[in-house]
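In what follows, a single structure is set out as structure tokens and then discussed.
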Amino acid sequence: MSSNKTNRFIPLWLAIAAIVGIVIGTFYGNHFQGNRLNIINAGSNKLTNLLYMLDDQYVDSVDVPSLVEKAIPLILGELDPHSVYISANDVEMANDDLRGSFSGVGIEFIIRNDTLRVQNVIAGGPSEQAGLIAGDKIVTVDDSVFTGDSLTNELAMHKLKGPQGTKVKLGVVRFGEKDIQQFTVTRDQIVTHSVNAAYMLDEKTGYIRIKSFSDNTYEEMVVALAQLSMEGFSQLVVDLRGNTGGYLHSAVDIANQFLPRERLIVYTEGRRSPREEYRSNGHGSYKYMPMVVLIDEGSASASEILAGAIQDNDRGTIIGRRSFGKGLVQQPIPFTDNSMMRLTIARYYTPSGRCIQKPYTNGVDRNYEEDLLMRYQHGEFFSQDSIKHTGPEFHTTGGRTVYGGGGITPDIFVPEDTSNYTSYYKEAAYSGLIIQFGYDYTDQNRQKLTEYEDEESLVKYLKRQNLVEKFAQYADQKGLKRRNLMIKRSYKLLEEYILSRIVYNMLDEQSWLQFLNREDPAVKEAQKVLNAGEAFPKAPGQGDEEQEKKDKVAQSYDYRSTHQRHTILVKA
């Protein structure tokens, strides 16, 4: 009898339990809804309970969202060096480079003496259409003063960027004009190019520089290759120096252009991420073209994927200095308040099986943060013998030895040339004085400089202007004491840096790179290797006969058909 009564009350108890659960859930939901605690799910864990107690019982009122914003980076900071939290305010900026476009007014600017100065106007962009020119100083935005100590890059981008189609009124002071001129600019999508140079180094050597791997990089690379095909290139230099990476798929798509069918490009694997392989499909148009890839300590992530795929498949020669060593894969995870976490979920491995992630310890790791400085101090930038391989040995498809555990080591090492460095040059460069002088000189002489439309004629004119002496006088007035002997020793370095900044200010990135590459030792070494027919690495024990077979395949490749295919693709 009592057992039957108990059974009859079971549905009632379950109903009461369900109601209590709903009430508790509603209570927690009300406390933690919206922006107050949008990233933490209600549940019986210490972190949730702690925040609830603080919000509910602490002696003073507590800004829980602020606590969460501060806590998340600290938690992620206890993991690897590349898992990061990005606040809602910074997400758009963080994604702009990867997207390959943003909505804004279409200018490049610097802030000098509390004033925003237009350095370049993007061709075809809204500012050019509205009438702005390089050298303009923006002093008001929407009739509000836009100068002073509070002006920062972040504030400027916040004011000038905005939804496509919206308008912004800019007050501009122009050189030689007394009155402020008003321009209304309609914001539009601005394409940011990740392939910022494609030109011929000589009559048969093409050069392409990739500065990042964004959504548009592969398409830009195809256009660049088509352009070089029209100019008759038969060998290629791909410059990845200073390229800190970006999207994995962009690096994979580009590698596919240069590899025969079914070659492993990269694979990723993690604790909860099963092994995923990326292989070439054989449709690439430049599978046998001799090539060299340039890298340095600033080449990271996707750059190392591309360089590693070329090296491990014995597809081309890697020249430069050891790359950064980032072999961790981050997955973007958005939160409901538009903030985002980039969480490391896997490691990537080059075709030989090496993970090139350099060693780190969880949490704040000063050795990791200062790794490049330590390399410099240990002499690695100047001597190949200073490179310390701590990882295991692996082997390329042809049997060459490569190493894991710390970046891509180049096949041919090119040291940083510091033979004419002096303390005067270092201070002039690192203090920003050369950049400031370059801008001021450009601004004051813009009318004359516009007469020269290409890098060669502009540099020829500038070399007659005694710029190093003018800089020395300028720097002395700014507090950098003149050192005549040091200036004489570093004269060539000073002149090259000054000229490069004026070329950049007056022309574009490609012209700037063309000027710098003229005397660049890594570029010269690349041309030497290519012109000697030594771009395809020779495996240990490989005879001349085998190498000749490789060379014949490369020489017999129909580059004209490549040009035609890409010409059709571009026109479509």
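The values are calculated or read from the model by the stated rules, or taken from the named source; none is laboratory data. No experiment lies behind these values; they were computed from the predicted model shown. Every residue, glycine among them, receives a Cβ derived from its backbone with ideal geometry; neighbour counts consider all protein chains shown. Just so you know, the surface numbers come from the protein's heavy atoms only, side chains and all, with ligands and any DNA or RNA stripped out. Shrake-Rupley method; radii C 1.70, N 1.55, O 1.52, S 1.80 Å.
Condition test on residue 397, is it open to solvent by 10 Å² or more (accessible area, probe 1.4 Å), polar (S, T, N, Q) and in contact with a helix residue (DSSP H, G or I) (Cβ under 9 Å, 6 or more places away or on another chain)? Criteria met by residue 397. Tally up the residues in the stretch 126-145 that are open to solvent by less than 50 Å² (accessible area, probe 1.4 Å) and either closer than 14 Å to residue 181 by Cα or touching an Asp or Glu at 6+ places or on another chain (Cβ under 7 Å) (or both), please. Qualifying residue count, the stretch 126-145: 11. Selection over the stretch 422-443 of residues that are modelled with pLDDT under 90 and either in a loop (DSSP other than H, G, I, E, B) or not acidic (Asp, Glu) (or both) gives a count of 8. Of all residues in the stretch 462-473, one or more are surrounded by fewer than 17 Cβ atoms within 10 Å (Cβ to Cβ), in a helix (DSSP H, G or I) and either at pLDDT below 95 or polar (S, T, N, Q) (or both).
Yes or no, residue by residue, for (1) touching a helix residue (DSSP H, G or I) at 6+ places or on another chain (Cβ under 7 Å); (2) assigned to a loop (DSSP other than H, G, I, E, B):
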site: 256; (1), (2): no, no
site: 260; (1), (2): no, yes
site: 265; (1), (2): yes, no
site: 272; (1), (2): no, yes
site: 286; (1), (2): yes, yes
site: 300; (1), (2): no, yes
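How about the stretch 283-303: which of its residues are open to solvent by 20 Å² or more (accessible area, probe 1.4 Å) and more than 21 Å from the chain's Cα centre (by Cα)?
Across the stretch 283-303, the qualifying residues are 283, 287, 288, 290.
Residues that are open to solvent by 30 Å² or more (accessible area, probe 1.4 Å) and in contact with a strand residue (DSSP E or B) (Cβ under 7 Å, 6 or more places away or on another chain) within the stretch 355-392 comprise 384, 389, listed in sequence order. Please tell me if residue 236 is among the hydrophobic types (A, V, I, L, M, F, W, C), closer than 24 Å to residue 395 by Cα and open to solvent by less than 10 Å² (accessible area, probe 1.4 Å). When the stated conditions are applied, residue 236 does not pass them. Within the stretch 206-222, the set of residues being in contact (Cβ under 8 Å) with a residue 12 or more places away in the chain and out of contact with any Ser or Thr (no Cβ under 8 Å at 6 or more places or on another chain) comprises 206, 207, 208, 209, 221, 222. When 207, 199, 218 are screened for being within 19 Å of residue 301 (Cα to Cα) and either out of contact with any helix residue (DSSP H, G or I) (no Cβ under 8 Å at 6 or more places or on another chain) or not aliphatic (A, V, I, L, M) (or both), only 218 passes. Against the definition (more than 15 Å from the chain's Cα centre (by Cα), over 18 Å from residue 288 (Cα atoms), touching a residue at least 40 places away in the same chain (Cβ under 8 Å) and surrounded by 23 or more Cβ atoms within 10 Å (Cβ to Cβ)), how does residue 185 come out, yes or no? Considered against the rule, which asks whether it is more than 15 Å from the chain's Cα centre (by Cα), over 18 Å from residue 288 (Cα atoms), touching a residue at least 40 places away in the same chain (Cβ under 8 Å) and surrounded by 23 or more Cβ atoms within 10 Å (Cβ to Cβ), residue 185 comes out as yes. Where helices (runs of 4 or more DSSP H) fall wholly inside the stretch 480-523, the ranges with 2 or more residues that are more than 22 Å from residue 427 (Cβ to Cβ) are 491-506, 509-517.
Restricting 108, 78 to residues that are open to solvent by 40 Å² or more (accessible area, probe 1.4 Å), among the acidic types (Asp, Glu) and in contact (Cβ under 8 Å) with a residue 40 or more places away in the chain narrows the list to 78.
Within the stretch 147-162, the set of residues being farther than 16 Å from residue 107 by Cα and either open to solvent by 60 Å² or more (accessible area, probe 1.4 Å) or in contact with a Gly (Cβ under 8 Å, 6 or more places away or on another chain) (or both) comprises 149, 150. Listed conditions (1) free of Cβ contacts under 8 Å to residues at least 24 places away in the same chain; (2) under 32 Å from the mean Cα position of the chain (by Cα) are all met by residue 485, apart from (2). Among the residues of the stretch 317-338, what is the count of those that are assigned to a strand (DSSP E or B), open to solvent by less than 30 Å² (accessible area, probe 1.4 Å) and either over 30 Å from residue 413 (Cα atoms) or among the small types (Gly, Ala, Ser) (or both)? Total satisfying the criteria: 1. Please determine, by comparing only the residues of the stretch 426-457 that are in contact with a Phe, Trp or Tyr (Cβ under 8 Å, 6 or more places away or on another chain) and under 30 Å from residue 322 (Cβ atoms), which one is most open to solvent (accessible area, probe 1.4 Å). Restricting to residues being in contact with a Phe, Trp or Tyr (Cβ under 8 Å, 6 or more places away or on another chain) and under 30 Å from residue 322 (Cβ atoms), the top hit is 429. Which residue pairs have Cβ atoms closer than 7 Å, lie 6 or more positions apart in sequence or on different chains, and pair a first residue in the stretch 427-446 that is in contact (Cβ under 8 Å) with a residue 40 or more places away in the chain and over 12 Å from residue 119 (Cα atoms) with a second residue that is assigned to a loop (DSSP other than H, G, I, E, B) and of a type outside the set (A, V, I, L, M, F, W, C)? So the pair list comes out as 433/478. The requirement of being open to solvent by less than 40 Å² (accessible area, probe 1.4 Å), within 30 Å of residue 140 (Cβ to Cβ) and touching a residue at least 40 places away in the same chain (Cβ under 8 Å) is not satisfied by residue 225. Just so you know, in the stretch 112-150 the residues that are among the polar types (S, T, N, Q) and in contact with a Phe, Trp or Tyr (Cβ under 9 Å, 6 or more places away or on another chain) include one that is farthest from residue 449 (Cα to Cα), and it is 140. The set of residues in the stretch 382-406 that are at pLDDT 90 or above and not hydrophobic (A, V, I, L, M, F, W, C) comprises 393, 395, 396, 397, 398, 399, 400, 401. Every listed requirement among (1) open to solvent by 20 Å² or more (accessible area, probe 1.4 Å); (2) in contact (Cβ under 8 Å) with a residue 12 or more places away in the chain; (3) touching a Phe, Trp or Tyr at 6+ places or on another chain (Cβ under 9 Å) is met by residue 243 save one, (1). Scanning the stretch 445-478 for residues that are farther than 21 Å from residue 513 by Cα and in contact with a Ser or Thr (Cβ under 9 Å, 6 or more places away or on another chain) turns up 475, 478.
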